[in-house]
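Engineer: Okay, handing you the structure first.
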Amino acid sequence: MDLIDLIETRRFLGSEFMMWLWFKSECYDGLMEVEEHGELEVLFDDALVLEAYLAETERNTFKGGAPAYSPEAKVALQQGKRVSRAKIRVIKDGREWLLTLKAEGMDFSSVKIPAVLSREEDEKFYERMYLVEELEDIINALYRTFIYTRLSPQWHEAMVPAMKTWIMAEDGVAPDVYPEAAEQQGPAMAKSA
């Protein structure tokens, strides 16, 4: 199998990552502890696209308000649709980023960074680059946690059933629905191996 085929067979992971992130965000009202970044907020904002897994022409696009918390989005999930794109808000230490994340290639677009404090043009440029890199590091840390969790035996034993409960729930879910013990992070996973 060549590299292109290998990449194509793993594209589903972006959508699964976004589903896991949405689930965790809803369970904890967006508050989460992220390795190397501490506590921050990750919220699904005012744009969400869900697609049927095999028929990309079956697409639900939600805009405005908080579509991730709408009954229509839950119905789309119950019909087996998956997240293909979402606008996500990340808040850390009073600074706020906004980005659109596309599941298929884990691409960022429409990135808005926190306000730049520097006055000199050179410093402004470096500060902007630092803020973009920090956002990328946060998303990478979240993805790393997801991958370790996805590869653990607890994924199918605890996380998938909990996510099914969340999808079928009429209202929001309480934090105790999220199987904290199933989540694995890099160092914890390495110690148990």
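Engineer: Any chance you could count how many residues in the range 10-38 are open to solvent by 40 Å² or more (accessible area, probe 1.4 Å), in contact (Cβ under 8 Å) with a residue 24 or more places away in the chain and under 17 Å from R89 (Cα atoms)?
Structural biologist: Adding up the residues that qualify gives 1.
Engineer: In the range 55-92, how many residues are within 14 Å of L43 (Cα to Cα), open to solvent by 30 Å² or more (accessible area, probe 1.4 Å) and basic (K, R)?
Structural biologist: The total comes to 3.
Engineer: Give the residue, chosen from A141, A181, A162, that is loosely packed, with under 13 Cβ neighbours inside 10 Å and either within 20 Å of L31 (Cα to Cα) or not aromatic (F, W, Y) (or both).
Structural biologist: The conditions single out A181.
Engineer: Name the pairs whose Cβ atoms lie under 9 Å apart, with the first residue in the range 124-142 and within 22 Å of M18 (Cα to Cα), the second open to solvent by 80 Å² or more (accessible area, probe 1.4 Å), and 6 or more positions between them or separate chains?
Structural biologist: D137/E36; I138/E36; A141/E36
Engineer: State whether one or more residues within the range 126-138 are surrounded by fewer than 17 Cβ atoms within 10 Å (Cβ to Cβ), part of a helix (DSSP H, G or I) and either touching a strand residue (DSSP E or B) at 6+ places or on another chain (Cβ under 7 Å) or among the polar types (S, T, N, Q) (or both).
Structural biologist: The answer is yes; a qualifying residue exists.
The values are calculated or read from the model by the stated rules, or taken from the named source; none is laboratory data. What you see is a predicted model; the values in this text were computed from it and never measured. FYI the Cβ positions are ideal-geometry reconstructions off the backbone, even for glycines, and counts take in every protein chain you see. Just the protein is used for accessible areas: all its heavy atoms, side chains included, with ligands, DNA and RNA removed. Shrake-Rupley method; radii C 1.70, N 1.55, O 1.52, S 1.80 Å.
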